[in-house]
Amino acid sequence: MRGVLKQVIVRVESVHKWFGPLHVLQGIDMEIRAGETICIIGPSGSGKSTLLRCLNFLEEHEAGTILLDGQPMGFSEDSEGRRIRQSERDINRMRAKIGMVFQSFNLWTHMTVLRNVIEAPVNVKGVSRIEAESRALELIRRMGLEDKTNAYPSQLSGGQQQRVAIARALAMEPEIMLFDEPTSALDPELVEEVLAVMRDLARDGMTMLVVTHEMGFAADVADRVVFMDQGIIVEEGPPAELFREAKSPRAVQFLAKVIQRTR
Amino acid sequence: MPARMLVELLRNTPFLIQLFLIYYALPSLGVSLSVATAALLSLSLFAGTYFAESIRGAISSVPRGQMDSARAVGMSYALAMRRIIFPQMLGYLLPALTNNMIGIVKFSSILSIITLPEVTMASQIVLGETFSVTEAFTVTALLYWSLTTAITMGMSRLERRTATHRLGAITISPAQLIVFNHK
């Protein structure tokens, strides 16, 4: 279906974010369409993770607009154009539509795998426990973890924990999945099992925004690769183009370093 | 933040002085309290600050990512605290609370100074009548010891019941290091 323009799920318009005096995001514009997989690459401190955290309002942007399904995230404008923070309830409702996977997994350590996956559907969405469990078991099976259903996170490897975290996010049936360096905390031999799950998701048409250092994954899976540096999007394009003939010197320099290291 | 200020004020001044202020200085402001009320009030305030500080410490011992992932699935702050943070902070909180409670039992002996008839005061009365120094103080010490031991045993049981699933996940937290450093 490539080439056919699908509905825009997320639109980011000149978003700025400061941490004290530090101008972390310096006017980000971005559009994510249904079914797209976009990889964000760039040196550390370039604002990639902050952008992701702004998209589900874990960080609050100071200027600009983020639209999810055309609805503003976090801030609305009143009749006189003043920026007002939305109610907690509205923000939570928007967040529930966005799945997020963290670098450090952040599974709830006091709950089994199954309870981690059903917790939000039952307590946030109000799904019945039976329904939530049958859906959770299906997701856990899809992640290849059926024998770990009743294990606690501390009994799992990093790769297994990250796959549970993906199942937990999917259980909310999100419209988009955000991945914040999902394999950076993993031992090298565990990276592939997580990437394989993410490949399957992309193939099934999930809309995904992935901050990653895995250039091989980006080359294989991404519809578009976005290169960020110092709080701006420097360059973006299809992976084949961007990896082979990046135009900006900063992207060329970054890619040279990263690709040299992978070889 | 007035609560923060109250905690800092009470945590950084000696209990004995707080007790004197409440019992001897408040009447000059027109508030006269009975011995029992003054004793109860000062010990409660003192205990409250330590409990508050332990709870604050336990909450901040739960890794930040736990709250992030709870908010990311759409939980409200209150729901995230109840379902995610509170159950996990118990592992950090219970050892600190045990320390706090033992401290409070022992600190109650200071209340004898304003003539509250508690255990230490009673031992001095016995001492005055019998002159049996060794016996009186040994029995008193044993009474405190049995109380604190009962607390320790009860709390250990509670800790075992809440900690079954945190396999090797517990590390020493700042909350556990908060001990009574008053003299």
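The values are calculated or read from the model by the stated rules, or taken from the named source; none is laboratory data. Everything numeric here is computed off the predicted structure, so don't read it as measured data. Cβ placement follows ideal geometry from the backbone for every residue including glycine, while neighbour counts extend to all protein chains displayed.
Computed values, structure above
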quantity	calculated
Qualifying residues in segment B:160-183 (those that are modelled with pLDDT of 70 or more and within 14 Å of chain A (Cβ to nearest Cβ)) - the one surrounded by the most Cβ atoms within 10 Å (Cβ to Cβ)	B:THR162
Some residue of segment A:98-121 being within 11 Å of chain B (Cβ to nearest Cβ), surrounded by fewer than 18 Cβ atoms within 10 Å (Cβ to Cβ) and in contact with a strand residue (DSSP E or B) (Cβ under 8 Å, 6 or more places away or on another chain)	yes
Qualifying positions in segment A:122-144 - of a type in the set (A, V, I, L, M, F, W, C), within 13 Å of chain B (Cβ to nearest Cβ) and either farther than 19 Å from B:ARG83 by Cα or not in a helix (DSSP H, G or I) (or both)	A:VAL127
Selected residue [within 14 Å of another protein chain (Cβ to nearest Cβ), in contact with a strand residue (DSSP E or B) (Cβ under 7 Å, 6 or more places away or on another chain) and surrounded by 15 or more Cβ atoms within 10 Å (Cβ to Cβ)] from B:ALA72, B:ALA80, B:ALA58	B:ALA72
Given (1) free of Cβ contacts under 8 Å to residues at least 40 places away in the same chain; (2) surrounded by fewer than 20 Cβ atoms within 10 Å (Cβ to Cβ), number of the condition A:MET73 does not satisfy	(2)
Strands (runs of 3 or more DSSP E) contained in segment A:185-263 and holding at least 3 residues free of Cβ contacts under 8 Å to residues at least 60 places away in the same chain	A:232-237
Residue match in segment A:53-65 (condition: modelled with pLDDT of 95 or more, aliphatic (A, V, I, L, M), buried (at least 22 other Cβ atoms within 10 Å of the Cβ) and within 25 Å of A:VAL117 (Cα to Cα))	yes
Hits in segment A:120-157 (condition: among the hydroxyl-bearing types (Ser, Thr, Tyr) and free of Cβ contacts under 8 Å to residues at least 12 places away in the same chain)	A:SER128, A:SER134
Complete set of residues in segment A:187-206 that are crowded, with 23+ Cβ neighbours inside 10 Å and within 14 Å of A:THR37 (Cα to Cα)	A:MET198
